[in-house]
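Structure first, commentary second.
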Amino acid sequence: MIITKKVLRNVSLTAHPLGCRRYVENQIAWVEAHAKQSGNPHYPSTTGLPIPKRVLILGGSTGYGLSSRIVAAFGHNSDTINVSFEREPGENKTATPGWYNTMAFEDIAKRRGLKAVSVFGDAFSNQIKEAVAQKIQKELGQVDLVIYSLASPLRNDPVTGQSYKSVLKPIGKAFTALSVDLESDIVKQATIEPATEEQIAETVKVMGGEDWSLWIDFLLQRNLLAHKAMTVAYSYIGPKITYPVYREGTIGKAKEHLEGSATELTDKLKAIEGRAYVSVNKALVTRASAVIPVVPLYMALLYQVMKEQNIHEHCTQQIYRLFTTMLFSGNQVPTDSDGRVRVDDWEMRSDIQQEVEKRWALQQEGKPLVQGDLAGVWEEYEQIHGFGFPDIDYSKDVDPRIV
């Protein structure tokens, strides 16, 4: 099968197994190189740092979750368990990128002598929680770190069975702003109609902190969290430009609920001297962020500005800095006034945001994007699906079932 990229409304419908493996290999190589270095205050050596050795990642097949797994395993020889919902490949159908990423990661990890296993299925369900408990007991005994990095459009309540659907909409009134398609450099207007009260409530049910809390409750009850275990959930705030569609919209309400859950979870974890944190991360290309109207344009401008300042980071660089200089530096974890860890600090620097706003004002509907790095955004989007690597011949016949 010749696997070609197929993108519909910023959603990739295919993934390339060889490219996904290359993507994982590149991230591993970067982590291993920096883990052995010293003298870089932003990306210090992992030698001697108290990075957990037994890690559970909920949503560990793509994006920040995959990066967390890579940094833990190849930066500190940690054993890992991933939980994610994947589509396996068929004879004439590709798998999800997360499936290919996981197969590549676990193959490399096991050859390095690391334990690396996955549970594929609905992470919101009680059945998957039970399956994960068995994996932890068999492979690790307990876990020292739980990363919560789930992003899903749908959640079935494990108690009632009711289904909830998340939406990305503004609240109160329609939102109109400039945007850009990843495959086109022409700026256009995007309008998003406001959410209903029911849609707001459902989005909080899917993307808020309820499921995170259920996971920690479950692990505590089963005595699967080690003494002083930590749990970290990933969030995003972003600039005022995107507030109406993100922070002040339905997803923002869900993120507020997620962040509020950290305090409650820390109280629950006191029994084992554990802690819960929310890490506010940088705007980056993920399968989820690419479909948010307005965000691709913002990212194109942000990427260009941050690259000019030599402070742009991809997912794995971001998580490496989070782990080595914030969460597990050996010092007190730095937080803002709301108790959040801010690894979006470089993105939100005043000089960076002022320059992004200046360039935003230059954009005109119907005209090509100016002073932005849409090519860089598109390259990252291609590569997280296994495309865009110059040394891979995409015209060759490939079995999509390759592992």
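Values quoted throughout were computed directly from the atomic coordinates according to the rules given, and no laboratory measurement underlies them. The shown structure was predicted, so the numbers you read here are calculated from the model rather than taken from an experiment. A quick note on method: Cβ atoms are made from the backbone with ideal geometry, for glycine too, and the neighbour counts reach across all protein chains shown.
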Packing-based exposure ordering (other Cβ within 10 Å, fewest first) of ARG401, ARG22: ARG401, ARG22
If you add up the charges near PRO244, with Lys and Arg at +1 and Asp and Glu at -1, over every other residue whose beta carbon is less than 11 angstrom from its beta carbon, what do you get? +3
Note on region 14-105: contact order normalised by length, alpha-carbon pairs under 8 Å, 6 or more apart, percent, works out to 35
Answer in debye to the nearest 20: the dipole magnitude of the chain about its Cα centre, from +1 Lys/Arg and -1 Asp/Glu charges placed on Cβ, is 620
What 222 nm value per residue comes from the helices of the chain, counting each DSSP H run with n ≥ 4 as -39,500 (n - 2.57) and dividing by all residues, nearest 500 deg cm²/dmol? -11500 deg cm²/dmol
With every atom except the alpha carbons ignored, what do you get for Rg and Dmax of region 77-211, in angstroms? 19.3, 54
Convex hull around the C-alpha positions of region 40-87: the volume in Å³ per residue is 78
For each of LEU168, LEU8, LEU13, count neighbouring Cβ atoms within 10 Å of the residue's Cβ, then give the residues from fewest to most. LEU8, LEU13, LEU168
Put in order of increasing Cβ neighbours within 10 Å, starting from the fewest, HIS42, HIS312, HIS385, HIS227 give HIS227, HIS42, HIS312, HIS385
Could you give the distance between the Cα centres of region 253-312 and region 334-403, to the whole Å? 15
What share of the DSSP beta bridges in region 171-280 is antiparallel, in percent to the nearest 5? 50
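Only bridges whose two residues both fall in region 51-126 count here: according to DSSP, what percent of them are antiparallel, nearest 5?
Numbers: 1 of 11 bridges.
Of those bridges, close to 10 percent are antiparallel.
Restricting to the chain, compute how many DSSP beta bridges are antiparallel as a %, nearest 5. Kindly include the intermediate steps, with their values, before the conclusion.
Details: 13 of 40 bridges.
Percent antiparallel among DSSP bridges in the chain is about 30.
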How high is the relative contact order of the chain? Use alpha-carbon pairs under 8 Å, at least six apart in sequence, and give a whole percent. 23
With an 8 Å cut-off on Cα pairs and a minimum separation of 6 or more residues, tell me the relative contact order of region 223-304 in percent. 38
Given (i) 0.94; (ii) 1.02; (iii) 1.06 as possible values of Rg/Rh (Cα atoms, Kirkwood Rh), the one from the coordinates is (i)
